Amino acid sequence: MTAAVLIAGIPLLLGIAGLLLPPGDDEGRRRPAAALGIAGAAASLLVTLGLLLFARKPIELSTHWISLGDVDLTLGISVGHAALYVALAVCVVALFVQIYSVAYLHDDPRYAPYAAQISLFTGAMLLVVTSGDLIGVLVGWEVMGACSYLLIGHDRRLPEAPAAAVKAFLVTRVGDVGFLLGVAILIVDAGTSRIADVLTEAPHPAALILILAGVAGKSAQFPLHTWLPDAMAGPTPISALIHAATMVAAGVYVVFRLYPLYEQSPAALAVLGVMAAITILLGALSAMAQDDLKRVLAWSTVSQIGYMTGALAVGSPAAALFHLLTHAAFKALLFLAAGAVIHAVGTNYLSRMGGLREHMPITFWSFVAGLGALAGLPPLAGFWSKENVLTAATHATEGGGAVPVWVAWLVWLAGLFAVGLTAWYATRLLLWAFFGVSRAHGPDGPDWEVGFDDARYTQPALPHDPPAAMRWPILLLAIPSALLGLAAFAPGFRTALELDEPHLGVAIVLPLVLLALGATTAWWLWREVPGVDPATALGPARPLLAAGFRFDDLQDRFIVRPTRALARAVTTVDEKVVDATVEGTGTTTSRVGEALAYAHRMSLPAAAAAVLAGALLLGAVAVLFGAAA
Amino acid sequence: MHVVIPYVVAALLFALGVYGVLRRRNAILVLMAVELMLNAVNLILVAADSTIKSALTGVQPEAWANPVPEPRAGAIFALFVIVLAAAEVGVGLAIVLQYYRLRRAVILDDVELYRHDHERVTG
Amino acid sequence: MTVADALMLALGAIAVGSGVFVVTSTHLVRAGFYLVVSLGAIAGLYLVLGAELVAWVQILVYVGAVVVLMLFAVMLTRAPIGPSKDLDRPALPAALIGGGVGLGLTVLLVDAFRWTEFELPPPGTGRRVGEQIFGAWVLPFEVLSILLLAALVGAIVLSRPDIGARPDPNAGPEPEGPPPGPVDESEEVVARLQRIAERQAAAQQRVRDQRAAAERAEQAELDVVEGELVEEARQTDPLADVVLRAHEARPKPGGPPPEPKRELPGAPEREED
Amino acid sequence: MTVALIAVLLIPALGAAVLAVFPSRLDHLARVVGTVFAVAALVPIVVLAFARDDARFSYSALQPWAELDVSWVPALHLDFHLGIDGVSYPLVALTGLLTALCCAYTLWRVPENGGSGRTLVALLLVLETGILGTFLALDLLLFFLFFEVVLLPMYAVIAGWGGADRRRAARKFVLYTLFGSVLLLLGVLTVTVAAGTGDLTQLTGGLGLSRTTQQVAFVLLAIAFAVKAPLWPLHTWLPDAHTQAPTVGSVILAGVLLKMGTYGLIRVGVGVAPLGAEWAAPVLGILAVAAVLAGSLICLRQTELKRLIAYSSVGHMGFVLLGIATLTATGLQAALLGNVAHGLITGLLFFLAGAIKDRAHTGDLADLGGLRESAPRLAGILGFAAIASLGLPGLAGFWGEAFAVVAAVERGGGLWTTLAALAAIGGALTAAYFLRLLRKVTHGPVGTPVSPTISGAEWLAWSPLAALTLAVGVAPALVLAATSAPVRALTEAWR
């Protein structure tokens, strides 16, 4: 069972190898890069599948890594079946993203490092999933951040890409301050970084809450969610990778991994719950007003991750994990399909799409499946998992769990309300992009210059379904998006996740009603005023929602600018006080020296007079004091 | 013999030497004044040599003060001083001559000691 | 009040009095001569104090050499013979410091010795001092000799600017024209070379003349009879002759070079005398 | 093993001597010979690794693997006492490696506006001798001597081959560090006189020194080492020196010279005066965190490539000093690891900064840009170095910084927890300025065109550092393997 090491090991090693490939555009250089990337993901997938099929009990491997003082660090693998399912999702998404990217970035000169970075990214996520050691988790956690930085900033033609990349890394890094401190406290308390040992210690609530800061950063939870919508500047497959299975899922997974500790701390759970409730609504509301196709999906991710953390908060890690898996499937599908749309029409903007259904039927039907799952339309995957989350919240409102009752209410209400909102924006997206007439020609003619190098066409062509390398991943992902929910009926899967048996009680009526309400409203708005964005109905709230409640401005005003001002102040102090003291000491010394030198340069007779007078003085003093003594 | 006489003479000569060094502008005259001072010191050495020993009767001489059975160190020092003075005058006059050759003057007030370029240390 | 006291008072008065003139005289040359007087008086004091050798060395070195050297310097620096106005600077600081020094030392010494009588030691002979110097003080003595040598070399180097002077490599091949600097070096050097040549010629001539004079004297003694010749020889002042002949023997430009020394067979013989 | 110990010192010294008598027209050959000597010095260093013997037991806290003890000046309690143990070995290896790389680099390029390459290589070898001597010395006065030997060659390297304002920077460097040396001498003498011996094997643990003596000695030593390390606010010589120094000078300066300060603090400061260290630890910790924060914030405002990296050194060394200040075994080991990691990463960063400046003829961030397009390889390795420097787990920089924080948490109490939190925030700021650097240099439109070709010498100089950064990151045991016992022995003093 030592093969579990390979799950994370193979992509990491191949990623490093891929980085060493010479950069270049020609086919001969792209092929090994693509081969390395795909092979890494595929090998991991095979290993994971094998373990899933043949491993009977959780795999625990641990070896001593290093001792730092009293702290023992281990290199360990700890994989249960739940972890294997998550790893499976990661591998599948990564594999599809790799295949998809070959076609999507067919003319990018920096494809080789890109593919290698995806491998690293995947490997890092798999490390987080499989590591049995907090330091291992931390390694994967941060490597992911770095890779996300590299990948988001990949596109050289988008001026906002570098800024978005920096923002993504920095915001998550700020969260990681808390994560690092939390991990530090856990390690110090336990004296070891082995998760199995850490879990046996009584946790320090501060440590858990600090870790939540890191989770908020990585999983784009309020208030550290601001990087995710901007991260859309990265190539679309990267968005799929980040949103579906890696990065954002990592936070949820870490809380899941440490759940035995969280169970003991109502305070941490309350924080998590409040965070989740705010995030669910924030994401859903912001998604309603976006014009950028990818941003709609990005905000929806924020919202859906909120469901997962909400599930964790109300005491149902299983529901969280289940939603994580279904979300991985349908969100990967949606992003890859969105990539196909962008690939075809050359723009991200919904206001330039419309009427795409007849030209790209496969993409259309993929979108239908994905958006249905997102909204929670039965019997698609999202329905079952979201249902699980809401049920868990309902249970928690009855009290008796670790989490305070009011938090459970908060999560439940937010989740319920967001079902309607989700249905609304999913419907809007579908109708606005695929139905009606084409708005490709905006007021200023075709906007072909927007988008990517690879999506630039001199001649506007008819939108069409993507080439095979892009089509097949989409098609294959549509299957789990549609059917994964039914896995809840499979006992093996349920046992692995410790999931409750799905029961369709009366509680499902309420979300379904809200779902229908949201979808109908959107349809009605679209139908009533043809050619106009349904989001205009939001009225004056629209700009606010489109800007994501202006959290960027707040962040700028209260974090970025004060930091800059502080930096300016410290630099000034350093130059004008600290360094000036040093320089001043030097200057003063040389001034005094100059004065003394000047005194020594007086004319010879004056100098002689001074010397003799001094000698006379000294003699007089000596005699006087000698006499006195 | 009253030893105070040579001592006072020496003191006055020394004072004259100091006065001369400070007063005179001509380098040669300054050297002469220096000679006066040296001679004053010599006089003190010789006078001390001749007289102090008789005042020290009964005092156990220290080893450092009495390297040989009969100390005549004062006179010997005086000799040494005379030799040193000769050397000093020789070199000093050579300098004066050289200076005169360069500047056509032996006026000490005009001697500039600070006309050299040194690196300015700026902070 | 003994004879020694009286002598010392008198000599001290002379030394101090002429010392006053040394530092106040407006004649450079006179200052030098007053210095001779002062130093001589000090030598007398040494004698009174029983330091004979020091006294004679004082006379020899100071009066004989140092002061003469100074007078030469006075001449070489072309000091004016008469009184000069610009020898002194304002007197007040000098008087203050000098007076302070004198007063302080006098008070100190007077306070220390009062009017105490001391027994004068027997006069130190050169023998005793010599034993001391070459016994206990031999190392400083040798060091002093090295110092003297260094001073000698230093004085020569200092007074001869042509020693160690290298042609400026950056100057380029242009030796013509007056060299830079406030003094016309070439003129100086030529003049000195000329002086050296004169001195050499004079010395050669003097040797020749002395030999000639000696021969003449011998012959005069032999020819007693020839009284006229004897008379003539006695009246001849050999020094005047030397000076006269030296003037005649001055090398003319373009004339034959002076005879080399080794062509003088008489010189070794004189050393044997 | 004693032979190897002497050879470590002797080979570079001999190399410098040989180069000194080399005819100046054979400049390239001289550089080759110097490089051969620098590489040859690695041989005894490698040999010394096999001297490691953990099984040996002694009552002293300091148990050198190999030792050489010759009485030198008995009146001053000065012995020629060399030794190597787990604390010093990684630094010795780092010194040997970096010097060899720098010498190899000079084969390819000598700064144009300075002296001859032969002299530069000779100076590098003298520097190596001094630094190695500092790390090997087991006698306080000997330590001081070697500590000083380093100063003047470094001055010459900066003043001889540096940038436009090199005289001023070099002077500032030498005067400032001399100030530290005065205090070091005072501290060393205080200890030597009080204890009657300068032997570190006997002194370690502070045995036989009164509490007051230890406090006085530690203050003197700590200030001296803080200047070298450098600790805020005694750091201002560093940016100037780094900015003006030639590439190899910067690499040596950042890579190993600063380590003399932290090594000295551990070996001499903490080792000899543990009670003093305990007494002064809070101040040291506060200053260390101030250094982390100030360094990072100042970096956010820097507009010059090398100056930015120089200030980043202030921040990184702040983490190292925080680790030392905690006085826990974890902290000390983190400090040792951070030392080596900083040497590797910052050495690499300075090599890269030099390469960029050589190509673009400017170090101004505003004039650079688009390196990713014009020189993808260079941009890639710069990105790697920057990401390593900002403490990415899995690379060398992570361990020192993260575990300095862990150690501060371990120390516990309000003060140290606050310091840990502030230091962690400093870590985030570190990321901020490095990302700003990358964004300015690698992303965006192409500024000054930069030639993308990377010569073999550059690869030779860079790749070992990059590989070791990764290796130490994955297997920190490479550095820490032998430090556990000595560090534990050091911390015995406070139990």
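Data table
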{"item": "Sole residue being assigned to a helix (DSSP H, G or I) and either out of contact with any Ser or Thr (no Cβ under 8 Å at 6 or more places or on another chain) or open to solvent by less than 50 Å² (accessible area, probe 1.4 Å) (or both), chosen from D:R31, D:R25", "result": "D:R31"}
{"item": "Members of the stretch C:111-146 found to be in a helix (DSSP H, G or I) and at the interface with chain B (Cβ under 7 Å from one of its Cβ atoms), listed by number", "result": "C:F113, C:R128, C:V129, C:Q132, C:I133, C:G135, C:P140, C:L144"}
{"item": "Candidate set from the stretch A:378-412 (those that are in a loop (DSSP other than H, G, I, E, B), out of contact with any helix residue (DSSP H, G or I) (no Cβ under 6 Å at 6 or more places or on another chain) and more than 22 Å from A:Q221 (Cβ to Cβ)); member that is least open to solvent (accessible area, probe 1.4 Å)", "result": "A:P378"}
{"item": "Unique match (being free of Cβ contacts under 8 Å to residues at least 12 places away in the same chain and acidic (D, E)) among A:D533, A:D500, A:D553", "result": "A:D553"}
{"item": "Residues of the stretch A:589-610 that turn out to be over 23 Å from B:R24 (Cβ atoms), at the interface with chain B (Cβ under 9 Å from one of its Cβ atoms) and exposed (fewer than 15 other Cβ atoms within 10 Å of the Cβ), as a count", "result": "5"}
{"item": "Only listed residue being in a helix (DSSP H, G or I), within 14 Å of chain A (Cβ to nearest Cβ) and surrounded by 24 or more Cβ atoms within 10 Å (Cβ to Cβ), chosen from D:L332, D:L231", "result": "D:L332"}
{"item": "Matching residues in the stretch A:491-536 - criterion: being at pLDDT below 80, open to solvent by less than 80 Å² (accessible area, probe 1.4 Å) and farther than 24 Å from A:L321 by Cβ", "result": "A:V529, A:G531, A:V532, A:D533, A:P534, A:A535, A:T536"}
{"item": "Criterion (of a type outside the set (A, V, I, L, M), touching a helix residue (DSSP H, G or I) at 6+ places or on another chain (Cβ under 6 Å) and surrounded by fewer than 23 Cβ atoms within 10 Å (Cβ to Cβ)) met by exactly one of D:Q215, D:Q202", "result": "D:Q215"}
{"item": "Conditions (1) touching an Asp or Glu at 6+ places or on another chain (Cβ under 8 Å); (2) at the interface with chain D (Cβ under 10 Å from one of its Cβ atoms); number of the one not met by A:Y114", "result": "(2)"}
{"item": "Verdict on A:A569 being within 30 Å of D:I298 (Cβ to Cβ) and open to solvent by 40 Å² or more (accessible area, probe 1.4 Å)", "result": "yes"}
{"item": "Hits in the stretch A:155-178 - residues which are open to solvent by 30 Å² or more (accessible area, probe 1.4 Å), more than 15 Å from the chain's Cα centre (by Cα) and facing chain D (nearest Cβ under 9 Å)", "result": "A:R156, A:P159, A:A163"}
{"item": "Failed item, numbered, when D:R439 is tested on (1) closer than 30 Å to A:A164 by Cβ; (2) open to solvent by 60 Å² or more (accessible area, probe 1.4 Å); (3) more than 9 Å from chain A (Cβ to nearest Cβ); (4) in a helix (DSSP H, G or I)", "result": "(3)"}
{"item": "For C:A55: the one exception among (1) more than 8 Å from chain B (Cβ to nearest Cβ); (2) open to solvent by 40 Å² or more (accessible area, probe 1.4 Å); (3) touching a helix residue (DSSP H, G or I) at 6+ places or on another chain (Cβ under 9 Å)", "result": "(2)"}
{"item": "Subset tally (residues that are open to solvent by 70 Å² or more (accessible area, probe 1.4 Å) and not in a helix (DSSP H, G or I)) for the stretch A:537-566", "result": "1"}
{"item": "Subset of the stretch A:35-50 (residues that are touching a Ser or Thr at 6+ places or on another chain (Cβ under 8 Å) and either open to solvent by 10 Å² or more (accessible area, probe 1.4 Å) or farther than 14 Å from A:I118 by Cβ (or both))", "result": "A:L36"}
{"item": "Pairs where the first residue, in the stretch B:1-13, is closer than 12 Å to C:W115 by Cα and the second is among the basic types (K, R) and surrounded by fewer than 24 Cβ atoms within 10 Å (Cβ to Cβ), C-beta under 8 Å, 6+ apart", "result": "B:V4/C:R114"}
{"item": "Test: D:W416 is aromatic (F, W, Y), farther than 30 Å from D:T35 by Cβ and within 9 Å of chain A (Cβ to nearest Cβ)", "result": "no"}
{"item": "Where B:V81 falls short, out of the listed (1) in a helix (DSSP H, G or I); (2) modelled with pLDDT under 85", "result": "(2)"}
{"item": "Given (1) within 7 Å of chain B (Cβ to nearest Cβ); (2) surrounded by 19 or more Cβ atoms within 10 Å (Cβ to Cβ); (3) over 20 Å from B:D109 (Cα atoms), number of the condition C:V67 does not satisfy", "result": "(1)"}
{"item": "Helices (runs of 4 or more DSSP H) (entirely within the stretch D:104-208) containing at least 3 residues that are hydrophobic (A, V, I, L, M, F, W, C)", "result": "D:117-136, D:140-149, D:151-161, D:166-195"}
{"item": "Filtered residues of the stretch A:144-154 (kept if touching a residue at least 60 places away in the same chain (Cβ under 8 Å) and facing chain D (nearest Cβ under 7 Å))", "result": "A:G153"}
{"item": "Checklist (1) closer than 19 Å to B:Y100 by Cβ; (2) without any contact (Cβ under 8 Å) to a residue 12 or more places away in the chain applied to C:L71, failing item", "result": "(2)"}
{"item": "Subset of the stretch C:1-23 (residues that are open to solvent by 60 Å² or more (accessible area, probe 1.4 Å) and more than 7 Å from chain B (Cβ to nearest Cβ))", "result": "C:M1, C:V3, C:L7, C:A13, C:I14, C:F21"}
{"item": "A:T326 vs. criteria crowded, with 24+ Cβ neighbours inside 10 Å, in the same structural domain as A:R494 (by TED's automatic domain parsing) and touching a residue at least 60 places away in the same chain (Cβ under 8 Å)", "result": "yes"}
{"item": "Residue within the stretch A:111-118 that is under 15 Å from the mean Cα position of the chain (by Cα) and not acidic (D, E) present", "result": "yes"}
{"item": "Inter-residue pairs, beta-carbon under 7 Å, first at the interface with chain C (Cβ under 7 Å from one of its Cβ atoms) and in the stretch B:18-42, second of a type in the set (D, E), 6+ apart", "result": "B:R23/C:D88; B:R24/C:D88; B:R25/B:D109; B:R25/C:D86; B:R25/C:D88"}
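For every residue, the table says whether it meets (1) crowded, with 22+ Cβ neighbours inside 10 Å; (2) within 8 Å of chain A (Cβ to nearest Cβ).
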residue: D:H361; (1), (2): no, no
residue: D:L378; (1), (2): yes, no
residue: D:L395; (1), (2): yes, no
residue: D:V409; (1), (2): yes, yes
residue: D:T448; (1), (2): no, no
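Results for (1) closer than 29 Å to B:A87 by Cβ; (2) more than 7 Å from chain B (Cβ to nearest Cβ); (3) loosely packed, with under 13 Cβ neighbours inside 10 Å; (4) among the small types (G, A, S), shown as yes or no for each residue.
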site: C:I59; (1), (2), (3), (4): yes, yes, no, no
site: C:V74; (1), (2), (3), (4): yes, no, no, no
site: C:G82; (1), (2), (3), (4): no, yes, yes, yes
site: C:D88; (1), (2), (3), (4): yes, no, no, no
site: C:P93; (1), (2), (3), (4): no, no, no, no
site: C:G99; (1), (2), (3), (4): no, no, no, yes
site: C:L109; (1), (2), (3), (4): yes, no, no, no
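The values are calculated or read from the model by the stated rules, or taken from the named source; none is laboratory data. Computed from a predicted model, the values in this text were never measured in an experiment. Cβ coordinates were reconstructed from backbone atoms using ideal geometry, including for glycine residues, and neighbour counts include every protein chain displayed. Ligands, DNA and RNA are excluded from the accessible area calculation, which covers all protein heavy atoms including side chains. Shrake-Rupley method; radii C 1.70, N 1.55, O 1.52, S 1.80 Å.
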